[in-house]
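These notes are about the structure you will find just below.
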Amino acid sequence: MGKLDGKVAVITGSGRGIGKSTAAILLKEGAKVMINDIDQSAIDEAIKELDAISKGNVAGVVGDITKMADAQKLMDETVAKFGKIDILVNNAGITRDAMVNKMTDAQWELVHAITLRATFNCTKAVAKYMLKEENKKVPPTTGSLGKVVNVSSLSGVLGNVGQFNYSTAKAGLIGFTKALAREWAPYRINVNAVAYGVIDTRLTAVKKEGEEIGLPKAMRDMMVAVHPWKRVATPEEAARAIVFLASSDSDVVNGYFIACAGGGNVY
């Protein structure tokens with residue numbers, strides 16, 4: 001038996017990286033999972049890989065969740081497919097790095113839209129399925145009846161040079177988490193966040209010529225050199241913290257963030 005038998009999870013931005021790795025572990029723990037991405041090809045490839053882990057228990061919805069209609073469609077299709085939603089992982093994110101004096105309005109707005117607007121949209125959209133009045137009447141000894149996990153960053157705690165937009169957006173997610181935890185606690189829903197250091201994803205890979213996503217090689221090499229492990233964490237390692245917060249193991253954790261940096265960027 002898995003820790004999440006019978007649970008249904010929605011994971012945004014899960015066609016690749018941390019989101020896809022989270023989906024894989026949730027499936028292994030017995031959950032049914034709806035993945036989401038703006039890229040149909042990423043969803044198709046992810047489902048092909050994930051379905052091998054747990055046949056029939058994973059599906060995908062393509063959509064731009066910075067738009068409320070697409071966020072609501074994601075939740076509605078999840079319930080139509082799997083009958084309910086127990087877990088929401090707000091994982092979608094992006095970087096558009098630049099020094100503040102050179103940052104464009106488009107760079108600022110895109111990072112905030114995908115980090116904060118999408119999280120707001122998905123949380124609001126899932127509310128009609130997760131906020132049940134009967135949850136308020138369960139015995140005090142009953143555990144959590146739902147989980148929301150927001151993916152933040154240590155950039156939102158410590159700040160980071162060249163990431164003025166990303167740092168402020170990820171800091172906003174921590175405030176969002178604390179406020180929502182207070183609002184949804186009476187419904188027995190836990191709301192927490194993870195704040196990652198450098199994880200080995202396409203956002204932290206060496207930037208290729210002409211691409212906006214990624215890091216300059218010198219910066220990437222420096223991050224590895226100063227880290228106690230002399231390496232960055234894998235998406236699978238990062239995903240385990242999300243799975244902890246999505247499971248009953250964390251029922252007494254509410255309104256907090258877990259810093260996941262392997263000893264790097266200690267604050």
Looking only at segment 58-71, how many residues end up being surrounded by 19 or more Cβ atoms within 10 Å (Cβ to Cβ) and either in a helix (DSSP H, G or I) or of a type in the set (S, T, N, Q) (or both)? 3
Please specify each residue of segment 6-38 satisfying the condition of being among the acidic types (Asp, Glu) and either surrounded by fewer than 23 Cβ atoms within 10 Å (Cβ to Cβ) or under 16 Å from SER247 (Cβ atoms) (or both). GLU29
Filtering segment 155-174 down to residues that are over 15 Å from the mean Cα position of the chain (by Cα), surrounded by fewer than 20 Cβ atoms within 10 Å (Cβ to Cβ) and small (Gly, Ala, Ser) yields GLY159, GLY162
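If you go through segment 5-51, how many residues are of a type outside the set (S, T, N, Q), outside any helix (DSSP H, G or I) and in contact with a strand residue (DSSP E or B) (Cβ under 8 Å, 6 or more places away or on another chain)? First the steps, then the outcome.
Narrowing segment 5-51 to residues of a type outside the set (S, T, N, Q): 5-11, 13, 15-20, 23-35, 37-39, 42-51.
Still in the list and also outside any helix (DSSP H, G or I): 5-11, 13, 15-16, 29-35, 37-39.
Still in the list and also in contact with a strand residue (DSSP E or B) (Cβ under 8 Å, 6 or more places away or on another chain): 7-11, 13, 15-16, 31-35, 37-39.
Within segment 5-51, residues that are of a type outside the set (S, T, N, Q), outside any helix (DSSP H, G or I) and in contact with a strand residue (DSSP E or B) (Cβ under 8 Å, 6 or more places away or on another chain) number 16.
Determine if segment 46-57 includes at least one residue that is within 23 Å of MET1 (Cβ to Cβ), among the charged types (D, E, K, R) and surrounded by fewer than 18 Cβ atoms within 10 Å (Cβ to Cβ).
Yes, because at least one residue in segment 46-57 is within 23 Å of MET1 (Cβ to Cβ), among the charged types (D, E, K, R) and surrounded by fewer than 18 Cβ atoms within 10 Å (Cβ to Cβ).
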For segment 14-49, what are the residues that are under 20 Å from ASP70 (Cα atoms) and either in contact with an Asp or Glu (Cβ under 8 Å, 6 or more places away or on another chain) or in contact (Cβ under 8 Å) with a residue 40 or more places away in the chain (or both)? SER14, GLY15, ARG16, GLY19, LYS20, MET34, ASN36, ILE38, ILE43, ALA46
Contacts under 6 angstrom Cβ, first residue in segment 237-261 being at pLDDT below 95, partner outside any strand (DSSP E or B) and not β-branched (Val, Ile, Thr), 6 or more apart: ALA239/SER21; ILE258/ALA241; CYS260/ALA241; ALA261/LEU154; ALA261/GLY197
Mind listing whichever residues of segment 76-100 are at pLDDT 95 or above and of a type outside the set (A, V, I, L, M, F, W, C)? ASP76, GLU77, THR78, LYS81, GLY83, LYS84, ASP86, ASN90, ASN91
With the structure loaded, tell me whether TYR196 is of a type in the set (Phe, Trp, Tyr) and in contact with an Asp or Glu (Cβ under 8 Å, 6 or more places away or on another chain) or whether it fails that test. no
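Any idea how many residues of segment 74-93 are crowded, with 18+ Cβ neighbours inside 10 Å and either in a helix (DSSP H, G or I) or of a type outside the set (Asp, Glu) (or both)? Explain how you work it out, then say what you get.
Step one: filter segment 74-93 for residues crowded, with 18+ Cβ neighbours inside 10 Å, giving 74-75, 78, 82, 85-93.
Now drop any that are not either in a helix (DSSP H, G or I) or of a type outside the set (Asp, Glu) (or both), which leaves 74-75, 78, 82, 85, 87-93.
Within segment 74-93, residues that are crowded, with 18+ Cβ neighbours inside 10 Å and either in a helix (DSSP H, G or I) or of a type outside the set (Asp, Glu) (or both) number 12.
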Where residues in segment 127-154 are surrounded by fewer than 16 Cβ atoms within 10 Å (Cβ to Cβ) and hydroxyl-bearing (Ser, Thr, Tyr), which of them is modelled with the lowest pLDDT? THR141
May I ask you to say which residue of ASP97, ASP105 is more than 18 Å from ALA9 (Cα to Cα), crowded, with 18+ Cβ neighbours inside 10 Å and more than 19 Å from the chain's Cα centre (by Cα)? ASP97
For segment 182-196, check the following and say yes or no: at least one residue is surrounded by fewer than 17 Cβ atoms within 10 Å (Cβ to Cβ), of a type in the set (Ser, Thr, Tyr) and more than 20 Å from the chain's Cα centre (by Cα). no
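The values are calculated or read from the model by the stated rules, or taken from the named source; none is laboratory data. Bear in mind that the values here come from a model prediction, so they are computed numbers and not experimental data. Quick reminder, even Gly has a Cβ in these numbers, built from the backbone with ideal geometry, and neighbours come from all protein chains shown.
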